[in-house]
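Provided herewith is a single structure, encoded as structure tokens, for subsequent inquiry.
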Amino acid sequence: MNFKIPFVPEQASTMARDVDHLTFFLVAMSTFFTVLVAVMVVVFALRYRRRSADQVGSSFDNSSLLEITWTVIPLLIVLFTFVWGAKVFFRLYRPPADAVQYYVTGKQWMWKTQHPTGQREINELHVPLGQPTKLLMTSEDVIHSFFIPAFRTKADVLPGRYTTIWFTPTKTGRFHLFCTEYCGAEHSRMIGWIHVLEPDEYQRWLASVPVQTSPAIEGAQLFAQLACDSCHRDGSDARGPALHGLFGREVQLADGRRVRADESYLRESILSPGAKVVAGYQPVMPSFRGQVSEENVLALIDYMKSLTAGESAAAGLAEGAAP
Amino acid sequence: MSAEATVPEVKPNYLTADHGLKSWLLTLDHKRIGLLYLLGVSFFFLLGGIFAMLIRLELLTPAGDMVQPDTYNRLFTMHGVMMIFFFLIPAIPGILGNFLIPIQIGAKDLAFPKLNLLSWYLFMAGGLATFGAIVTGGLDTGWTFYTPYSSTFSTTAVIPVGLGIFVNGFSGILTGLNFMVTIHRMRAPGMTWFRLPLFVWSHYATSLIQVLGTPVLAITLVLLVLERAFHIGVFDPTRGGDPVLFQHLFWFYSHPAVYIMILPSMAVISELIAAFSRKRIFGYHFVAFSSIAIAVLGFLVWGHHLFVSSQSVYAGTVFSLLTMLVAIPSAVKVFNWSFTLYQGAVSLHTPMLYALGFIGLFMIGGLTGVFLGTLGFDVHVHDTYFVVAHFHYVMVGGTIMGYLGGLHFWWPKITGRMYSEFWSRMSALLVFVGFNLTFFPQFLLGYMGMPRRYHAYPEEWQVLNVLSTAGASVLALGFLLPVAYFFWSLKFGAVAGRNPWGARGLEWETDSPPPTLNFDQAPVVDHEAYNYADDAATPGMKPLSAH
């Protein structure tokens, strides 16, 4: 199907077609009503045009039947539209369970991206065709927004929290990436490209990019450097909770709340440790705000995610990676 | 036009009753204050328009080659600030609302004439402070002031402009309050609520939003100023604040603000369609209550500006549903207006051309609002030119068509003179064509992915941008033309007489221009609004004493 619909950008993700179908419905519905009203107005204006200077209109000026008709029909149509739109939205915001996670950090005025295997890029991201891909995004300064028109998805990228988008590319090629939240002087140059490659080509590309460490290993080094392991270690006398198998688990907090240990929780616990203290521990951890960059935090989180339960841990990976 | 049968004795009217600059600057006459607003609003509109033309010229070519990015960012920010806070919001209530509400309800003035004058001074003070900030360096945050860019990163005049808008807000609050009290307390004997012209109903709804919504904007701006000056940490994430909280507060006012702009325009449109169809507005009660419904629902939909801003999916879903509901009262209005023409006596004088143009632009603006309220669609076009096109159709198309239509309709009442029918029809045509040529291509650009607030763009989008800039030039011509023939009419225009359109309503039963106290004898009302069908004999020719 190579027919190109004018003014519709390339459909290059699994979601693109769903969004376009919704658009076609909206355009058809709107065209119908616009034409209906336009025809009504033109026909009435001509048919009932004033023929003498003192002519007046009739006294037919209300009808409950008509009022009910043009209240109820539009109501049903917008409710139908709402449901359809919400369904597409839920799909847009629910990444598949097998999505591979990449990292995006926005700053004035560039996009820094990192592959799970450690390769870093600026204003570009290479991804393999057909792979469900999830981006975990944050900002170092102001609010940005990550927008790929060909994939019909975007999300704001905020300082101080994580947001995500996902897509499964269905077409190889190069696609626009734009920042769509005004972020200062060079906002319109905070642009780039998403490159979709055949899977084997992607592997070759990965191999061609020099990579120092994967985020998890970099995180392990940081973990040792920052002496996190002096408290977060195994053993009953540890001052901080152990981190193995923590990611994704429910955590019991000292104030009685329970939270899921996701990226946002881990990030907050590094930067504002007092905000959510784990039950059974004292609020003694210092904040690492200002000492670690957003990319460092992402690396630390990736390291913590690599610590599976039962494995005795931290040390091994960190020592192994240390020079 | 049907000339009045009255003897042309030289009777003082509100314009000739007093002379000198002081008599204008200290006037308590609602009609003169309306004209003061006309002066201020026109000045700010001119400024905003110049910024708009510079933006369109820059976007004529894909490369950002005419002005520096910093300059471009100041241009679109000041365009937005000037147009929204100092043109779109005050234009119709300030000029036409002030002039007409007391006359239409049969009162001598607003309830609080001094407060009314104060409103104008606050409006001018806010506007000039903002203008001063432009001259001394400008503002580059966008009219939306999103944090933390505005609170921490921008190096421009956030505080002066913030305070300018803050001061101007009180003008809106006081005007709204004044209108509400006036409508409640000052109606002429016999002028019951359901005999009010729909112009008054719609302004009542507007006042409700002004009084309830503007304080929230004031609070938000104060927080922003405090954050910027003293780093109190409400919005700054590095101090534990939440930048998205700002967006919630900002849109809690600024979404209803769209209805502050469009409801007065709808107020005008109802009058125009009734007058030029010589027929009572179809479904009067439905049109009246749909204004109130829009005002109330308008407060519950702000979250649709935050669909992609990390707001929870569930909140987004609720806001989407509520947004859909606003479409209903809007649709009810459009259908009732259209059906008013049915069995009417329709004439296509200039004001009616503007009214029909309004219906066209508002249909497109309103329906694309349904597009944007649809979650799955919004994600793709959020913060693209699709949104720019949509809100220009609603706010500018909607408000300016009503504003110009109203100005043409009541110009003979305000000045006592007629303007050139040929040239005014030309201007209506130019505005309608120019508007669509400017903004329709932007829907397409937005769907193709062009982000808003971009100083440069990929080459494949040039053709549509050239069309848009060409449209802006036509539109500018359409706006300049009325300036010429309105001035011309003051000296050379035919004398209008009391009721040049043969319309119903108390304002057409007094002199043009009206006397300072509006009526020679206090009116008593014994019939519904738009009673064209009551007696078929020469409408509007009835002398006042018949009541």
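The values are calculated or read from the model by the stated rules, or taken from the named source; none is laboratory data. The shown structure was predicted, so the numbers you read here are calculated from the model rather than taken from an experiment. No Cβ is skipped: glycine too gets one built from the backbone with ideal geometry, and neighbour counts run over all protein chains shown. Just the protein is used for accessible areas: all its heavy atoms, side chains included, with ligands, DNA and RNA removed. Shrake-Rupley method; radii C 1.70, N 1.55, O 1.52, S 1.80 Å.
Just for the range B:142-156: of the residues that are part of a loop (DSSP other than H, G, I, E, B) and open to solvent by 20 Å² or more (accessible area, probe 1.4 Å), which one is nearest to the other protein chains (Cβ to nearest Cβ)?
Selected residue: B:146.
Name the residue that is least open to solvent (accessible area, probe 1.4 Å), counting only residues in the range A:96-110 that are farther than 16 Å from residue A:296 by Cα and hydrophobic (A, V, I, L, M, F, W, C).
Going through the qualifying residues, I end up with A:99.
Looking only at the range B:351-400, which residues are over 30 Å from residue A:90 (Cβ atoms) and either away from chain A (no Cβ under 14 Å) or not hydrophobic (A, V, I, L, M, F, W, C) (or both)?
B:351, B:354, B:357, B:360, B:392, B:395, B:396, B:397, B:398, B:399, B:400
Restricting the search to the range A:235-294, which residues are of a type in the set (Asp, Glu) and surrounded by 12 or more Cβ atoms within 10 Å (Cβ to Cβ)?
Hits for the range A:235-294 are A:262, A:263, A:268, A:294.
Within the group B:474, B:463, which residue is in contact with a helix residue (DSSP H, G or I) (Cβ under 6 Å, 6 or more places away or on another chain), of a type outside the set (S, T, N, Q) and assigned to a helix (DSSP H, G or I)?
B:474
Continuing with this model, one more query. Please find, within the range A:208-227, the residue that is surrounded by the most Cβ atoms within 10 Å (Cβ to Cβ) out of those that are within 18 Å of residue A:289 (Cα to Cα) and free of Cβ contacts under 8 Å to residues at least 24 places away in the same chain.
Per the criteria, the residue is A:225.
For the range B:373-410, which residues satisfy the criterion of being at pLDDT 95 or above, of a type in the set (A, V, I, L, M, F, W, C) and open to solvent by 20 Å² or more (accessible area, probe 1.4 Å)?
B:387, B:391
Which is closer than 30 Å to residue A:196 by Cα, outside any loop (DSSP other than H, G, I, E, B) and aromatic (Phe, Trp, Tyr), of A:25, A:32?
A:25
What do you reckon, is residue B:226 without any contact (Cβ under 8 Å) to a residue 60 or more places away in the chain and surrounded by fewer than 17 Cβ atoms within 10 Å (Cβ to Cβ)?
Values: without any contact (Cβ under 8 Å) to a residue 60 or more places away in the chain: yes; surrounded by fewer than 17 Cβ atoms within 10 Å (Cβ to Cβ): yes.
Here the answer is yes, as residue B:226 does meet what is asked.
Among the listed residues A:89, A:82, A:60, identify the single one that is closer than 30 Å to residue A:189 by Cα, out of contact with any His (no Cβ under 6 Å at 6 or more places or on another chain) and either facing chain B (nearest Cβ under 7 Å) or free of Cβ contacts under 8 Å to residues at least 24 places away in the same chain (or both).
A:89
Just to verify a result, which residue in the range B:235-259, among those that are among the β-branched types (Val, Ile, Thr) and at pLDDT below 95, is least open to solvent (accessible area, probe 1.4 Å)?
B:258
What are the residues in the range A:176-201 that are farther than 15 Å from residue A:106 by Cβ, open to solvent by 10 Å² or more (accessible area, probe 1.4 Å) and more than 7 Å from chain B (Cβ to nearest Cβ), if any?
Answer for the range A:176-201, where residues must be farther than 15 Å from residue A:106 by Cβ, open to solvent by 10 Å² or more (accessible area, probe 1.4 Å) and more than 7 Å from chain B (Cβ to nearest Cβ): A:193, A:195, A:197, A:198, A:199, A:200, A:201.
For the range A:46-82, give me each residue that is of a type outside the set (A, V, I, L, M), outside any loop (DSSP other than H, G, I, E, B) and surrounded by fewer than 18 Cβ atoms within 10 Å (Cβ to Cβ). Give the derivation first.
The first filter runs over the range A:46-82 and keeps only residues of a type outside the set (A, V, I, L, M), leaving A:47-52, A:54-55, A:57-64, A:67, A:69-71, A:74, A:80-82.
Then keep just the ones that are outside any loop (DSSP other than H, G, I, E, B); that gives A:47, A:49, A:64, A:67, A:69-71, A:74, A:80-82.
Scanning the range A:46-82 gives A:47, A:49, A:64, A:69, A:71, A:80.
Within the range B:27-134, considering only helices (runs of 4 or more DSSP H) that don't extend past its boundaries, which have at least 3 residues that are surrounded by fewer than 24 Cβ atoms within 10 Å (Cβ to Cβ)?
By residue number, B:30-58, B:69-83.
Taking only the range B:414-461 into account, find how many residues are within 14 Å of another protein chain (Cβ to nearest Cβ) and open to solvent by 30 Å² or more (accessible area, probe 1.4 Å).
8
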